[in-house]
Structure formats: structure tokens, C-alpha cells
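Below is one structure; the comments refer to it alone.
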Amino acid sequence: MNSSSTAQVLDVEVEREELEPRLRRTWQSGKGIWGALTTVDHKIIARRYIVTAFVFLALGGVLALIMRVQLAFPEARFLSADRYNQIFTTHGSNMMFLFAVPVMEAMGVYLVPLMVGTRNIAFPRLNAFSYWIFLAGGLVLWIAVALDAAPDVGWFAYVPLSGPEYGAGKRADIWAQMITFTELSALAVAVEIVVTVFKQRAPGMSLDRIPVFVWSMLVTSFLVIIAMPAIMFASSSLILDRLVGTHFYNPAERGDVLLWQHLFWFFGHPEVYIIFLPAVGMVSAMISPFSQRPVFGYLALVMALIATGLLSFGLWVHHMFVAGLPPSGSSFFTASSMAIAIPAGTQIFCFLATLWSGRPIFKTPMLFVIGFLITFVMGGMTGVMVASVPLDTQVHDTYFVVAHFHYVLVGGAVFPLVGAIYYWFPKMTGRMMSEKLGRIVFGLIFAGFHLTFFPMHILGLAGMPRRVYTYPPELPWSGMNLFVSVSAFVLAAGFGLFFIDAIRSLRSGKVAGPNPWNCASLEWATASPPPPYNFARIPVVQSRDPLWRASSELPVATGLRVDRRELVVSSVVAAEPEARESSPADSIWPLVAALATTVMLIGSMFSAWAVVWGAVPIAIALTCWFWPKRTPEDES
């Protein structure tokens, strides 16, 4: 590795006891508010993402409880029909766009650079920009809720309901721009993760040595890059229809309302896997140390992840079976919807084989893995059922579908996620969460979830439609609805205790060492929490489970500068070192650019000229962002 700088200071020239203090001075973010606003440390930004996403989860959970109070009794008047429409729309949009996708990507932002043995994520300023844009999108939605102006068109915002003919006011515009905010953020993170995985892996970490979680984030990122533009185009064209008078979705002017459904579900169905695939990676990471053996079927798991990602783009029409499709189209999408059970089943069998051939230790993370296996398999079975046109036609828009997708999304993603928080909390904070409280949390969440959502299958089969704010007393739904509503509070108690445990552990939890679970991947090779530079020396990987295979200390690579932020760029396949590359210093311009973008996007809900005039401050912010600052990091 060569450098053109004459004033460079390499790590091999620094005494061992001086190395870490010098690296800390180079990589550490500034102090105070200015430091908080300008940091580009992937760990700090990821923690913000995670905390913000869980705040949105709590808010969305409150909305769910309000809906369950309304539905507990027939002809209840706790909510008006209009308010109920706002709440179920906000609940769905919040959970999908402000919690599920961002929190999964946030886990990747925190863990992928550590797992591949690098010092920061690729494009760290873009990473900072993505968080501010995500936060702005969330605030837009929740301020609208506070002002009684929240979207009321469902999380799917079907036209013509959300179009200019029926969607009066700005509610549909707020939904559409919230989509733009969050998808812009998601696309930015996806690009960062792809580049980090392909070009910043530690020397020796060839493609067949990448942790399964990293593979899952890589496949997920490609899904985001391919799927998200469809919904961004859909939301932008909806705003054009509403504001400028275009006719993308107006049949009277040769537009097409079904175009909206195609665009939305071309994004919407892969989004299920954008949420699910990182969870598969989390389960792979957790099940290995708690089974005391490498995960079974590494190659099969990776191939199943890729196959799931590919097949996910061939399923979207099964959300449109009742829209009137040609029989051949229905047959094709039925077959493809059922085919995706093959890679999903492969993943489940690999996890079961790992448990069967290992020596399981049932700590809290492992309990959530077990909860995932049970719940996701149940959700997957009902997924195969609704892939069939006759059954889907019968249960379409009933509570059976509500039960199905909660089993898939909560079982397939939230159970692994909560387990992952217990698992990686020591790495992120340096402290352990309570094992005793963790078992209670698992019991409440597992029991509360199944008691809440399993009866919804029966309600759906009994004909109860979704998205109704009340129902007449003579229908046989009231007893089951009351049971579901009471159970929802048990589920909420589990999450409440989880939040309490996290806050308590952050302040007074047992101090964790670098590797409290005896894990094999690289994030456990550094301190807990990791220092700003992640690794004092970049590790060299010689096996798929480096911490289990290394005889003593990990071999390391040397030759990086300590007087500027610098990392190793490696080849795509074999991860052979190719160059030293600087990593950008902290900057206020990502925040300024995000503020300028926010003003432009909000203004565009009221006037098309906001796009023109709003482009000026954005261009100025971007110019300042990329303008050389004569810092060591700007050297070629």
C-alpha cells in the first residue's frame, strides 16, 4: 500500500501504547451539540436510527391499542370514523416506513462495518444525511397526526381514493411526501452497505467467509435499490396528479388506476423481504453461539437468501387477485408465490439442523429465535394459503389477512429483532440486559402476540372485514374482539417491560466484556462499545469463524495512517488489499442539505414552484458538502 503524502504517519511507526490514543484523536467526533450535529461515525448514527425507530414503534403501538379499544365492543364511539381512518393509516405507514425498514437498515449500518472489519461505513456523510431525512419524514407524519391532519387513505393509498377526485385537503400529499423522505433515506443506506460489503472487507474475508448477516444485508440492499424507485415514482406521480393536474391515474384522461397497484405492490411485496431477510441474518448470527457450533448449511443459507430476493419480485400480483386478472396471470403468480416457500423452508431447516446438532443454551436471544421459528412457520403456512386464488378471493380484505401479515412481519422480523437487541446490546453499550427480565419480556410478547393475532384468523373466516371502525352487535364478532383487545395489552406490556429493561440496563446493567457470548464474528474482536476507529489494527481473516479458529490473537494488517481517517479498500471476491482510502471527516453539510431538502419537499405539497426554488439551496449545500476543506482526508 502506497501513499502520496509526505507528512504521513503510519501505524507501524507508532508505539503500541500510543497507537490507540492517536487513532482516537483522529476518529473521534467533536464534543457538544456541534459534534452531535456533524458526526459521521456509523455507530452513533446507527444508534440514533435504532432509538428513533423504536420511538416510532412505541407510538405506532399506542395507535394499535387505541384501535383495539375502539373495536373491543360493537358500536363503540371511542373514535369517530374519520379519526379511525387516520389512525389505522398512520399505524400501518408508521410501522412499515418509519420502523420496520429503517430499524433493519440501522442494524446493518451499525454491524456491517464491524463484521467486515473496517473502520467506517462507505459514504459516511451520505449516511448522516440519510438519518436527518428519515427523521424529517417521521416528524412530518407525526406532526400531521397532532394537527388532526394525518393521512386517511391506508398505508397503500390506493387511487382514486387518494387522488384529487376523492382525497381533499393535504392528507394524501403528506402520505406521499413521507414516502419520499423515507425511501430517499433507505436508498442512501442501501448504497452505503453495498459498497461497504464489496470494497471494504478486511483482508482475507473472501465472499465465502462473509457472515450470513452481512449477506442478508447485502441482498436486502439490492432489493431496496431495485424496489424503492417504484414507490418513489408512484408517490411523485400521485403528487403531480394532485398538484399539477397530470393524469397518471385518471381513467377519464387515459390514466390507469391499476398502474398504482402495480407500482405499489412491485415495491410492497419485496418490502416484506426487505424486513424479513435481515431478520434471517440476525437469527443466523444468534443461533450459532447459542448452539455452540457454526450455523448449519452456510452455502444453502446464502443461496436461499439470494433466491428469496430474486423471487420476491415475482409475487406482487398476488395482492391484486381480486382486481380482475387474466387466468394465466393468476396461475403464474400463484405458482411463484408458493415457490418462495422453498428458500424460506431451506432457511428454517438449516436453523433446525443447527439446533439439532448443537448444544443449545436457552438465553434470552435464543428464546426469541425459538419464538421466530414457531411464529414465522405459522405465518408462512397462511401465506401459502392466501397465494391460492380461490382462498384469497374469500378472505381478501378480512381479518384473516391482518392475522397473516402480522404473523409474517412480527414473527419473521420483530421476534428476531428484539432477540438481536438483547444479543448486541452489550456490544453497543458495554452493558448486559437483564436475563431475568428478558425471559419475562419474551413470555409476555410471545403469549400476547399469539393471543392477539391468532383469533383474527377466526374473525376473518367469520367474515369480519378489515379497516372498519365499528360493527353491529348482532354479528358474532364481539366476544372474540374483546378477547383480542385484552390480549393486545398483554403484548404491549411485554414491549413496555422491554423498553424499561433497555433503559435500566443502559444505566446500571452488568458490565460486558468484549465477547460475553463467546461469538465467532469480527464485531466481537473489539471492545464493547467499540472505539471510534473500530479496530486499532485491521484484522486479517483466515476462516469463516475467525474468533473461534484463531489460535491466539487475530493476525492484523498494518500500514494505515494514524494522522487522518483511513481504511483499506479490498477486492470484491477475494478481499485482497488494493489501496488505502481516506474516510471523510465530520461535516455540518449533510444536515444542511437535509434541511434544504426537507423545506423543498414540504413546499412541493403546496406549490410546484417549490421544487424550482428549493433546488437552489440544495445545490448550494451540496456544493459546500463536496468542496475540498484542506483536511488530511481531502488528500488524494
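The values are calculated or read from the model by the stated rules, or taken from the named source; none is laboratory data. These numbers were taken from a predicted model, which means no experiment stands behind them. Neighbour counts are summed over all protein chains in view; Cβ atoms, including those assigned to glycine, are modelled from backbone coordinates with ideal geometry. Ligands, DNA and RNA are excluded from the accessible area calculation, which covers all protein heavy atoms including side chains. Shrake-Rupley method; radii C 1.70, N 1.55, O 1.52, S 1.80 Å.
Worth pointing out:
- In terms of packing, defined here as the mean over residues of other Cβ atoms within 10 angstrom, the peptides 64-75, 132-143 line up highest first as 132-143, 64-75.
- Using Cβ point charges alone (K and R +1, D and E -1), the dipole size of region 148-250 about the Cα centre works out to roughly 380 debye.
- Within the straight-line cut-off of under 26 Å between alpha carbons, the lysines reachable from residue 436 are 363, 427, 510, sequence neighbours fewer than 8 places apart in one chain being disregarded.
- Per residue, in Å², the accessible surface of the chain once ligands and nucleic acids are set aside, probe 1.4 Å: 39
- Legend: calculated FRET efficiency, residue 511 to residue 607, from the Cβ-Cβ distance at R0 = 60 Å, rounded to 0.05, equals 0.60.
- For the chain, the alpha-carbon radius of gyration amounts to 0.97 times the rule-of-thumb value 2.2 N^0.38 Å expected for a compact globular protein.
- Both numbers refer to the Cα atoms of region 394-510; Rg and Dmax are 17.4, 56 Å.
- Of all accessible heavy-atom area on region 307-418, the percent that carbon and sulfur account for (1.4 Å): 78
- Cα-based reach from residue 31 at 19 Å (exclusive), listing lysines while leaving out same-chain residues under 8 positions away: 43
- Around the amide H of residue 200, modelled in the peptide plane, lie the amide H atoms of 570, all under 5 Å away and 5 or more residues distant in sequence or on another chain.
- Rg to Rh quotient for region 541-636, alpha carbon positions, Kirkwood Rh: 1.22
- Residue 566 long-range amide H proximity, modeled H, under 5 Å: 583
- Compactness check for region 91-242: Cα Rg over 2.2 N^0.38 Å is 1.18.
- For region 490-502, backbone phi angles converted through the Karplus equation (6.51, -1.76, 1.60; θ = phi - 60°) give residue-by-residue couplings of 5, 4, 5, 4, x, 5, x, 5, 4, 5, 4, 4, 5 Hz, Gly and Pro being listed as x.
- When only the Cβ of Lys, Arg, Asp and Glu is charged (+1, +1, -1, -1), the dipole of region 537-582 relative to its Cα centre reaches about 100 debye.
- Using 0.36 nm per residue and subtracting the Cα-Cα separation, the extra length available between residue 439 and residue 454 on full extension is 3.2 nm.
- Amide H contacts under 5 Å for residue 466, placed H, 5+ residues apart: 398, 399
- Cα coordinate range in region 480-528, projected on the principal axes (Å, largest first): 51, 25, 12
- Dividing the mean sequence gap of close Cα pairs (under 8 Å, 6+ apart) by how many residues region 372-501 holds gives a relative contact order of 33 percent.
- With each label modelled as a point 7 angstrom along the Cα→C-beta vector, the residue 149-residue 257 pair spans 2.7 nm.
- Here the 3J(HN,Hα) profile of region 568-573, calculated from phi with Karplus coefficients 6.51, -1.76 and 1.60 at θ = phi - 60°, is 9, 9, 10, 6, 5, 8 Hz, Gly and Pro shown as x.
- Computed with every protein chain present, the accessible area of residue 367 is close to 30 Å² [probe 1.4 Å].
- Size of electric dipole in region 1-148: Cβ of Lys, Arg +1 and of Asp, Glu -1, about Cα centre, debye, nearest 20: 200
- Listed peptides 18-26, 45-53, 597-605 appear in the order 45-53, 597-605, 18-26 once ranked by packing, highest mean of other Cβ atoms within 10 Å at the front.
- Estimated vicinal HN-Hα couplings, Hz - region 16-28 in sequence order (Karplus 6.51, -1.76, 1.60; Gly, Pro = x): 4, 6, 8, 5, 5, x, 5, 5, 4, 4, 6, 9, 6
- Across the chain, Cα pairs under 8 Å and at least six residues apart give a relative contact order of 21 percent.
- The residue among 309, 384, 366 whose Cα reaches farthest toward the positive pole of the charge dipole of region 253-403, with charges on the beta-carbon of Lys, Arg, Asp and Glu, is 366.
- With Cα atoms, 0 to 90° folded angle of helix 212-243 axis to the chain main axis: 50
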